[in-house]
1. Name every residue in the stretch 133-165 that is in contact (Cβ under 8 Å) with a residue 12 or more places away in the chain, more than 23 Å from Asp46 (Cα to Cα), aliphatic (A, V, I, L, M) and surrounded by 14 or more Cβ atoms within 10 Å (Cβ to Cβ), in order of residue number.
2. Among the residues of the stretch 82-95, are any surrounded by 17 or more Cβ atoms within 10 Å (Cβ to Cβ), more than 17 Å from Gly27 (Cα to Cα) and acidic (Asp, Glu)?
3. List the number of the failed condition for Asp110; all other conditions in (1) exposed (fewer than 15 other Cβ atoms within 10 Å of the Cβ); (2) in contact (Cβ under 8 Å) with a residue 60 or more places away in the chain hold.
4. Go through the stretch 58-155 and tell me which helices (runs of 4 or more DSSP H), entirely inside it, have 3 or more residues that are basic (Lys, Arg), touching a Cys at 6+ places or on another chain (Cβ under 9 Å) and over 23 Å from Lys4 (Cα atoms).
5. Name every residue in the stretch 1-29 that is among the β-branched types (Val, Ile, Thr), closer than 19 Å to Pro134 by Cα and not in a loop (DSSP other than H, G, I, E, B), in order of residue number.
6. Would you mind stating whether Val20 is β-branched (Val, Ile, Thr), surrounded by fewer than 18 Cβ atoms within 10 Å (Cβ to Cβ), closer than 20 Å to Arg141 by Cα and in contact (Cβ under 8 Å) with a residue 40 or more places away in the chain?
7. Select from the stretch 30-52 the residues that are assigned to a loop (DSSP other than H, G, I, E, B) and either charged (D, E, K, R) or at pLDDT 95 or above (or both) and write down the one among them that is surrounded by the most Cβ atoms within 10 Å (Cβ to Cβ).
8. Please identify the pairs in which a residue from the stretch 38-52 that is among the aromatic types (Phe, Trp, Tyr) has its Cβ atom under 7 Å from the Cβ atom of a residue that is part of a strand (DSSP E or B) and crowded, with 24+ Cβ neighbours inside 10 Å, counting only partners at least 6 apart or on another chain.
Amino acid sequence: MIGKIFITRTGYDPQLGKHVKDPYLDGKPSLGACRPDIRRVVVPGDQIFVISGKVRDANQFIMCAFEVDAKMDAQRAYKLFPERRLHVLEDGQLDGNIIVDSKGRKHPLDTHDAFDRRIENYVIGRHAISFVSPEEIARARAETLDMLRDVFQRRGSSPIEVVGRWGSTLTEDQALLLRERLKKVKEKG
């Protein structure tokens with residue numbers, strides 16, 4: 001078992017920034033179109049950790065952690081998770097992480113390149129730890145950087161300085177330690 005950790009794009013923060021659509025955090029977590037490099041290598045039992053993007057005047061935080069349960073192609077995900085198909089929210093932001101239409105073609109709302117590479121390995125998660133309430137998010141913001149420094153044994157003044165621009169791979173011991181630390185933050189409420 002390994003772990004993968006990455007930072008979402010700048011501005012993506014479920015509380016103070018743009019809506020986070022991938023990974024999908026409501027209910028059963030999933031990672032659908034972003035980070036094909038990670039989705040390609042993880043297998044059931046591996047762990048995925050996602051850090052919020054940078055926003056002004058707020059610490060980034062680990063938004064969620066989940067165990068990989070299964071992988072499938074986007075066409076199968078389209079059939080199983082209709083609520084996760086790309087669509088526009090009332091405020092004009094995109095939601096959903098399934099980038100195909102009913103025929104398996106590129107959804108018109110998907111504006112990214114490398115479509116063929118991005119429709120493989122849709123990841124379904126289980127055993128999620130996510131921070132949702134304002135109190136949970138505040139605790140996670142306060143403790144994330146110290147957790148990352150401790151787990152990776154690296155100094156840094158921000159998550160990107162600890163895990164790197166493209167993220168990092170965690171050993172099994174590191175992934176389990178990080179999950180335990182996140183559970184403690186979650187339980188403090």
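The values are calculated or read from the model by the stated rules, or taken from the named source; none is laboratory data. Bear in mind the structure is a predicted one, so any value in this text is a computation, not a measurement. Every residue, glycine as well, gets a Cβ built from its backbone with ideal geometry; the counts of neighbours run over all protein chains shown.
1. Ile137
2. no
3. Among (1) exposed (fewer than 15 other Cβ atoms within 10 Å of the Cβ); (2) in contact (Cβ under 8 Å) with a residue 60 or more places away in the chain, the lone unmet condition for Asp110 is (1).
4. none
5. Across the stretch 1-29, there are no qualifying residues.
6. No.
7. The selected residue is Ser52.
8. If the second residue must be part of a strand (DSSP E or B) and crowded, with 24+ Cβ neighbours inside 10 Å, the pairs left are Phe49/Gly3; Phe49/Ile5; Phe49/Ile62; Phe49/Ala65.
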